[in-house]
Amino acid sequence: MQVPFLDLKAAYDELAELSEPKMLESLRSGWYILGPDVARFERDFARYCDVSHAFGVANGLDALRLALVALDIGPGDKVLVPSNTYIATWLAVSQCGAIPVPVEPDLATHNITATGIRAAMAPGVKAVITVHLYGQPADMPAIMTTARDLGLKVIEDAAQAHGARWDGRRIGGAGDIVCWSFYPGKNLGALGDGGAVTTNSDALAERLSLLRNYGSREKYRNEVPGFNSRLDPVQACFLSIKLAVLDSWNARRAHIASRYMSELSGLGLTLPHVAMKADPVWHLFVLRHPNRDQLANDLAEVGIQTLVHYPIPPHAQAAYSELQLTGEELPLAAKLAKEVISLPIGPHLSQDQTDHVIHTLKRLA
Ligand SMILES: *Cc1c(COP(=O)(O)O)cnc(C)c1O
């Protein structure tokens, strides 16, 4: 039996009948940049996240860059970032001319904490980007209290956590600006690149709406030096349809995760830890194992595809050689990069496929 890591074709097929007429209508409307379809999705997404404003942008990396610029982060500033995140979180900081300063995560949740932020504080740090990694929401109430105490702006990288809740409340509006990716593989994935920013601040909303559209609200009047970073109307149509099923698709992921959690316990695998107030959306199901590569090979031999998120931490990438971090400064990021392995999970993983993963791991352990 083949178990692909994620089946995007099955996701498309399930929504084709509903979404294709809407997308065709949008293509035939003659309106190709922003416009009513994007505005409708933005309203839907803001309501879903229980937040005042949402703006569709070109991708998740741009969402982060726009957020940093909107918060006046620029050359010479430092920004705290998790040491174990996807490199986009770091690149957004670098591309604004600022310097990423790594924060080591909590080994149990893989997210950064208020304590970690305090420990990593340094002169020149103006902001922190927290990541809701693997779909597990970070403890934003604690992080906000500490960040305000330290005078830091807060950006949330929610690229992996559409729909997650903390203490019963949907994420999306705790920090100053929250950044989203609609990359096809994300829980709320489009049919190409896409992203969004959400905020509860009217002033920041105003800046973000200008920044994503050449700094302009009126054609050929440019108030600030903005970007060209806009969500496409066709993607917005598809995303509106997908948003309506997101909770039920996240519930399918949660069902698989709860089977993995109960049926894989006691096998010597380090299973994910869910914080008490967290209601994760299981973008990824990440285990730790001391012989990760061997385990991945053994699973591949019986048709089970796994991935590693992430095999090389940002500080060890050639892109960051100028930071001259040897890795000894970031032992947790280095350890995680060696030990993590992501099992197949997704709304279209069948019961038979889930059984195959579980039985195989029981046999191998
Ligand atoms: C996917 C992702 C991004 C970047 O999103 P893109 O849409 O691919 O630019 C940023 N941060 C994290 C944590 C991600 O997983």
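The values are calculated or read from the model by the stated rules, or taken from the named source; none is laboratory data. This is a predicted model, so every value here is computed, not measured. Because the Cβ atoms are built from the backbone with ideal geometry, glycine has one as well, and the counts that use them run over all protein chains shown. Quick note on the areas: whole protein, heavy atoms, side chains included, nothing else; ligands and nucleic acids left out. Shrake-Rupley method; radii C 1.70, N 1.55, O 1.52, S 1.80 Å.
Once C-alpha pairs closer than 8 Å and six or more residues apart are averaged by separation and normalised to the residue number of the chain, the relative contact order reads 23 percent. Around the amide H of Q305, modelled in the peptide plane, lie the amide H atoms of V3, F5, all under 5 Å away and 5 or more residues distant in sequence or on another chain. In a Gaussian network model over the chain where Cα atoms closer than 10 Å are linked, find which of S52, S262, S201 has the largest mean-square fluctuation. Of the options given, S262 has the highest mean-square fluctuation. For the chain, modelled as a GNM whose springs connect Cα atoms under 10 angstrom apart, the maximal fluctuation among Y260, Y320, Y134 occurs at Y320. Amide H contacts for A278 (H built 1.01 Å from N in the peptide plane; partners 5 or more residues away or on another chain; cut-off under 5 Å): D167.
At an R0 of 41 angstrom, the distance between the Cβ atoms of Q294 and Q95 translates into a FRET efficiency of 0.65.
Per residue, the accessible area of the chain comes to 43 Å² when a 1.4 Å probe rolls over the protein heavy atoms. With a simple spin-label model that places each label point 7 Å from the Cα along the Cα-to-Cβ direction, the separation between S258 and A365 comes to 1.9 nm. Look at the alpha carbon pairs under 8 Å that are at least 6 residues apart: their mean separation over the length of segment 246-364 gives a relative contact order of 35 percent.
Taking K338 as the anchor, which lysines have their alpha carbon closer than 26 Å to its alpha carbon, excluding any fewer than eight residues away along the same chain? In chain and number order, the partners are K186, K362. Place a point 7 Å from the Cα of D202 along the Cα-to-Cβ direction; which residues of segment 26-43 have their backbone N under 20 Å from it? What the label zone holds, given the 20 Å backbone N cut-off, is 43. Just checking the listed ones, S248, S350, S29: in the Gaussian network model of the chain with Cα springs under 10 Å, the one fluctuating most is S29.
How far, in nm, would the chain grow between K9 and L150 when pulled straight, counting 0.36 nm per residue and subtracting the alpha carbon separation?
That pair, K9 and L150, stretches by 46.2 nm at full extension.
Carbon-plus-sulfur fraction of the accessible area of segment 100-236, 1.4 Å probe, in percent?
On the way: 2580 of 5160 Å².
Result for segment 100-236: 50 percent of the exposed heavy-atom area is carbon or sulfur.
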